[in-house]
1. Please determine whether any residue of the stretch B:22-39 is closer than 15 Å to B:T273 by Cβ, open to solvent by 50 Å² or more (accessible area, probe 1.4 Å) and among the hydrophobic types (A, V, I, L, M, F, W, C).
2. Scan the stretch A:31-46 and give yes if some residue there is within 16 Å of A:V156 (Cα to Cα) and surrounded by 17 or more Cβ atoms within 10 Å (Cβ to Cβ), otherwise no.
3. Looking at A:L13, A:L17, A:L25, can you tell me which residue is open to solvent by less than 40 Å² (accessible area, probe 1.4 Å), away from every other protein chain (no Cβ under 14 Å), in a loop (DSSP other than H, G, I, E, B) and within 26 Å of A:E175 (Cα to Cα)?
4. For the stretch A:88-116, enumerate the residues that are open to solvent by less than 10 Å² (accessible area, probe 1.4 Å) and touching a Leu at 6+ places or on another chain (Cβ under 9 Å).
5. Failed condition for A:D85, given (1) crowded, with 22+ Cβ neighbours inside 10 Å; (2) closer than 25 Å to B:F147 by Cα; (3) of a type outside the set (S, T, Y), with all others met?
6. Going residue by residue through the stretch B:119-131, is there one that turns out to be touching a Lys or Arg at 6+ places or on another chain (Cβ under 9 Å), open to solvent by 10 Å² or more (accessible area, probe 1.4 Å), within 14 Å of another protein chain (Cβ to nearest Cβ) and in a strand (DSSP E or B)?
7. In the stretch B:141-151, how many residues are assigned to a loop (DSSP other than H, G, I, E, B) and buried (at least 23 other Cβ atoms within 10 Å of the Cβ)?
8. Residue check, A:T90 against (1) within 14 Å of chain B (Cβ to nearest Cβ); (2) part of a helix (DSSP H, G or I), all met but one. Which one?
Amino acid sequence: MERKIQLPLTEELAKTLHAGDTVYLTGEIYTSRDAGHKRMCEALANGQDLPFDPKDATLYYVGPTPAKPGQIIGSAGPTTSGRMDAYAPTMMSVGARGMIGKGDRLPEVVDAMKKYSGVYFGAIGGAGALLAKCIKSSELIAYEDLGPEALRKLYVEEMPLVVIIDSEGKNLYEEGRKAYLAAKASQK
Amino acid sequence: MREISTDQIIDVVRRLCIEANQNLPSDIKACIKKCRESEDGEIAQDILDKIITNYEIAESENVPICQDTGMACVFMEIGQDVHITGQSLADAVNEGVRQGYAEGYLRKSVVKDPVRRGNTGDNTPAMLYTEIVDGDKIKITVGPKGFGSENMSAIRMFKPSAGIQGIKDFILETVENAGPNPCPPMVVGVGIGGTFDKAALLAKKALMRNVDIPNKDPYYAELESEMLEKINNLGIGPQGFGGKTTALAVMIETMPTHIAGMPCAININCHVTRHKTEVI
């Protein structure tokens, strides 16, 4: 199913999304990756607030290239989400609901997604030039010293994504491959 | 003895870093288009279409194809009749990388220490490999290597008794483990032989070869196409969402090894398999 989604990702909205849906996401999302997530989780462990309000927030695992003069942002495709698995349950426990990245997630992340009605979206890995076209504004919020891993607030319009894992834990990586292999077997 | 100054080398490395990151080689582009034609799944087709649009945008707007503009792997074949003048060669290559990554607005993805981290801020040092060859020229290849795929690579020291079957199983197992992580469709570089370190280097060098040129040895050319078919039968598909196109190519490079061993390294690359060469 193809759908247009307006953020924030409330619990009600999240529950209507299913693995395999193609979605076009519009709204504010927050970028960071390895070192940024580590720092955010350390802040939470020390009882500090995050540099943004995580309630119903969607996180984009990306480390963009620097913007050229006149550009809002450089190339900005997803990075491998598995590296953020250590931090994802903590981020969801404080309200973050959407995650955008690519690649497998650990069972503990899927468990947290079921618990907090999380949704894991896939953006096309390697398609950084195309995805940058959907980014209409970019604002550095924190951790400037981390360079590409800094925390940014982006406004995206109709960002093309696929729901990889839904809030019930259904996984497109498993389903899609199974469906392809079954279709192939039936052709023989 | 022909003299080549490090100023020339800096200039070439600088340019190759930028061009390699913005323009996908034509053999890879043709291969992606061919795979798009043969895909029948809707999601798989849509993804390959978007991958094609992406590299077209990168090329026409001079922006990086992927935000992971990689570690700069620099391969140099240096003619033994060349005298390099100026500064040290490694310094010159790093200066070229520094300038290229700044000028091209490429991402600085290198940390100074593998454990304690800390970005170097200029994407240096480059991974430099030099080889002394005949002649009076220098052939420079820059292959930016992203780490989403690099992280899914593997090396194994086989006993000779494992034979070709051991290698085939290892290739399939590595691709299966990689799954959706390395941004499939991937290019699979395989290095067999040499020592532990040489096998890994061969696997990386395999990724610099054009995908439309099979191994010169018919035995390995056959193995390349057999493994490509087997990999594509896994059904992982573009981005791991299921489909025919899990890999664009399997590239095998080999060299002699010791009677006691059979090292095999597999270097996984994504569909953004970049490399650009210039001879000076």
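1. Checked against the condition, which is being closer than 15 Å to B:T273 by Cβ, open to solvent by 50 Å² or more (accessible area, probe 1.4 Å) and among the hydrophobic types (A, V, I, L, M, F, W, C), the stretch B:22-39 yields at least one hit.
2. Taking the stretch A:31-46 as the starting set, the residues that turn out to be within 16 Å of A:V156 (Cα to Cα) are A:31-32.
Restricting the remaining residues to those that are surrounded by 17 or more Cβ atoms within 10 Å (Cβ to Cβ) gives A:31-32.
Within the stretch A:31-46 (the criterion being within 16 Å of A:V156 (Cα to Cα) and surrounded by 17 or more Cβ atoms within 10 Å (Cβ to Cβ)), the answer is yes, since at least one residue qualifies.
3. Details: A:L13 fails: in a loop (DSSP other than H, G, I, E, B); A:L25 fails: in a loop (DSSP other than H, G, I, E, B).
Exactly one of A:L13, A:L17, A:L25 is open to solvent by less than 40 Å² (accessible area, probe 1.4 Å), away from every other protein chain (no Cβ under 14 Å), in a loop (DSSP other than H, G, I, E, B) and within 26 Å of A:E175 (Cα to Cα), namely A:L17.
4. Scanning the stretch A:88-116 gives A:A88, A:M91, A:A96, A:G98, A:M99, A:I100, A:G101.
5. Every listed condition holds for A:D85 apart from (1).
6. There is at least one residue in the stretch B:119-131 that is touching a Lys or Arg at 6+ places or on another chain (Cβ under 9 Å), open to solvent by 10 Å² or more (accessible area, probe 1.4 Å), within 14 Å of another protein chain (Cβ to nearest Cβ) and in a strand (DSSP E or B).
7. Keep residues of the stretch B:141-151 that are assigned to a loop (DSSP other than H, G, I, E, B), which gives B:146, B:151.
If we keep only those that are buried (at least 23 other Cβ atoms within 10 Å of the Cβ) as well, we get B:146.
Residues that pass the stated criteria total 1.
8. Result: A:T90 fails condition (1) only.
The values are calculated or read from the model by the stated rules, or taken from the named source; none is laboratory data. Given the structure is predicted, the values throughout are model-derived calculations rather than measurements. Cβ coordinates were reconstructed from backbone atoms using ideal geometry, including for glycine residues, and neighbour counts include every protein chain displayed. When the accessible area is computed, the model is the full protein with side chains, heavy atoms only, and any ligands, DNA or RNA have been set aside. Shrake-Rupley method; radii C 1.70, N 1.55, O 1.52, S 1.80 Å.
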